[in-house]
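The numbers here are math on the coordinates, done by the rules we state, and not lab data. It should be emphasised that the depicted structure is a prediction, and the values quoted were computed from it without experimental measurement. Virtual Cβ from ideal backbone geometry, glycine too; neighbours counted across all protein chains shown.
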Amino acid sequence: MIRLDDVGHAYGDRTVLRDVSLRLTEARVGVIGANGSGKSTFARLLNGLVVPTTGRVTVDGLDTRTKGREIRRRVGFCFTNPDAQIVLPTVAEDVAFSLRRSGLSRAEIAAKVTDTLRRFDLSDFADASAHLLSGGQKQLLALAAILIMEPSILVCDEPTTLLDLRNASMVSELLASLPQRVVLVTHHLHLLDGFDRVLVFDQGRVVCDAAPSTAIDHYRRLMR
Amino acid sequence: MSALGVYLPGDSPLHRAPAGAKLLGLTLAEAGAVLLPGPWSVGAALAVVAGLYAFARVPFRVAWAQTRPILLIALLVGGFQMFGAGVDRALVVAGQLVLSVSLAGLVTLTTRSADLLDVIERGCRPLRFVGVDGARVALVLALAIRAVPVVAALTQEVREAQRARGVTGGLTAFAVPLLVRTLRYADNLGEALAARGVDD
């Protein structure tokens, strides 16, 4: 369970989040809101990339302030820009990079990488240079590199924003099929069909916390 | 396509040779190249390198893409030397340049970067007593290789944005937005590394 108690966050004297208290236990949680409403900061709180200025965030009882390392092993994070997430020059190497410190042997790592690439339809590109992939394939590669670490929760910050329709549906279908719990920040509201719970952020606060249809209606009214 | 030699999958003996041996061989060959006495020996060495490319079954197109940028520089440097030091010296210097770069290119084309990084990591191990973290050195090199196509794409973006707004001249008008984008990319990359557990 992810738990936030009276969480607030400020960059310098610009407050971006205030009074956020939540317990997230659902399999699919959506996060929507205008640009600058605090969504991205909220997402980064969940794996300790950002530590709150006030209040505390715990994942399965571990505080992000002191147990960042354990938490990042449980909570995978997918960013908007696929290019910035790909660290090594070729596809297979980048996926293998995630397992560097896993203690597995070279052969075990190679086997897991082959498996993962097959699952993500990237086998044909194993030795290809990552910059030759399409945007959607790059995002799949980023997800493969995260999911090979077998996190129990996946946080995605607008993973489809930079992708065209086909690539975006490729990524969203994959997200829908995952056994992991997913927290999805997005502007693509249709991706939230079938979600268990959707949070609407406005000026750093959660202003609506409801089922997708209610939350999306609230968001639409807010944007008028 | 690729600006920098990126691994070209294959199973020639050069591909299968251990990365450490290739790096050591490269170092020795580069040192040897500097000692070559005259144009004939440089020419012979170039022929040997061309033979090695063929032996590794590198397609001509890839080999050419690898060598073309340095040919231009070699022409310039050689031309300059011709006036200062004579034709022989010019041929030797230009040939040595092409020789060194194409040899290094051959190593990167036939070696996975992960294997190169392993060697660098192991090679840096003795330096840990003076506080050098080999894994980190290797990671920095990997990021540099990966950043080449990314920054090339950013350059393209800035050019297009400028053309769209009808701005053309000026180095600062070009350099500033490129720098800003590159720094933003660096920021995002840092976050992604942290999320993937680097530095934990």
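Structure notes:
- Total residues in region A:160-184, condition in contact (Cβ under 8 Å) with a residue 12 or more places away in the chain and away from chain B (no Cβ under 14 Å): 17
- Among the residues making up region A:183-194, those that are surrounded by 20 or more Cβ atoms within 10 Å (Cβ to Cβ) and either part of a helix (DSSP H, G or I) or among the hydrophobic types (A, V, I, L, M, F, W, C) (or both) are A:Val183, A:Leu184, A:Val185, A:Leu191, A:Leu192.
- Residues being within 14 Å of another protein chain (Cβ to nearest Cβ), surrounded by 15 or more Cβ atoms within 10 Å (Cβ to Cβ) and out of contact with any Cys (no Cβ under 8 Å at 6 or more places or on another chain) - total across region B:120-134: 2
- Hits in region A:108-159 (condition: more than 10 Å from chain B (Cβ to nearest Cβ), closer than 28 Å to A:Thr41 by Cα, aliphatic (A, V, I, L, M) and assigned to a loop (DSSP other than H, G, I, E, B)): A:Ile148
- Flag if A:Gly76 is within 14 Å of chain B (Cβ to nearest Cβ), on the phi > 0 side of the Ramachandran plot and either acidic (Asp, Glu) or surrounded by 22 or more Cβ atoms within 10 Å (Cβ to Cβ) (or both): no
- Note on region B:187-200: residues that are surrounded by 13 or more Cβ atoms within 10 Å (Cβ to Cβ) and either among the aliphatic types (A, V, I, L, M) or part of a helix (DSSP H, G or I) (or both) amount to 9.
- In a residue-by-residue description of region B:174-184, the property of being at the interface with another protein chain (Cβ under 10 Å from one of its Cβ atoms), closer than 28 Å to B:Gln66 by Cα and either assigned to a helix (DSSP H, G or I) or in contact with a helix residue (DSSP H, G or I) (Cβ under 8 Å, 6 or more places away or on another chain) (or both) applies to no position.
- Per-region count, region A:81-107, residues more than 9 Å from chain B (Cβ to nearest Cβ), within 17 Å of A:Gly135 (Cα to Cα) and in contact with a Lys or Arg (Cβ under 7 Å, 6 or more places away or on another chain): 1
- Candidate set: region B:185-197, residues that are aliphatic (A, V, I, L, M) and within 7 Å of chain A (Cβ to nearest Cβ); chosen: the one nearest to A:Arg44 (Cα to Cα): B:Ala195
- Residues satisfying the stated conditions in region B:9-38, i.e. of a type in the set (S, T, N, Q) and closer than 24 Å to A:Ser129 by Cβ: B:Ser12
- Some residue of region B:163-171 being surrounded by 13 or more Cβ atoms within 10 Å (Cβ to Cβ) and part of a helix (DSSP H, G or I): no
- Test: residue in region A:52-65 that is free of Cβ contacts under 8 Å to residues at least 60 places away in the same chain, within 18 Å of A:Gln180 (Cα to Cα) and within 14 Å of chain B (Cβ to nearest Cβ): no
- Residue match in region B:90-108 (condition: part of a helix (DSSP H, G or I) and within 14 Å of chain A (Cβ to nearest Cβ)): yes
- Here B:Ser41, B:Ser100, B:Ser113 are screened, and the one residue that is within 26 Å of A:Ser129 (Cα to Cα), among the hydroxyl-bearing types (Ser, Thr, Tyr) and surrounded by fewer than 20 Cβ atoms within 10 Å (Cβ to Cβ) is B:Ser100.
- Per-region count, region A:80-138, residues among the aromatic types (Phe, Trp, Tyr) and either touching a Phe, Trp or Tyr at 6+ places or on another chain (Cβ under 6 Å) or without any contact (Cβ under 8 Å) to a residue 40 or more places away in the chain (or both): 1
- Residue within region B:57-77 that is of a type in the set (Phe, Trp, Tyr), away from every other protein chain (no Cβ under 14 Å) and more than 30 Å from A:Asp94 (Cα to Cα) present: no
- The residues in region A:45-71 that are crowded, with 22+ Cβ neighbours inside 10 Å and part of a helix (DSSP H, G or I) can be counted, and the count is 2.
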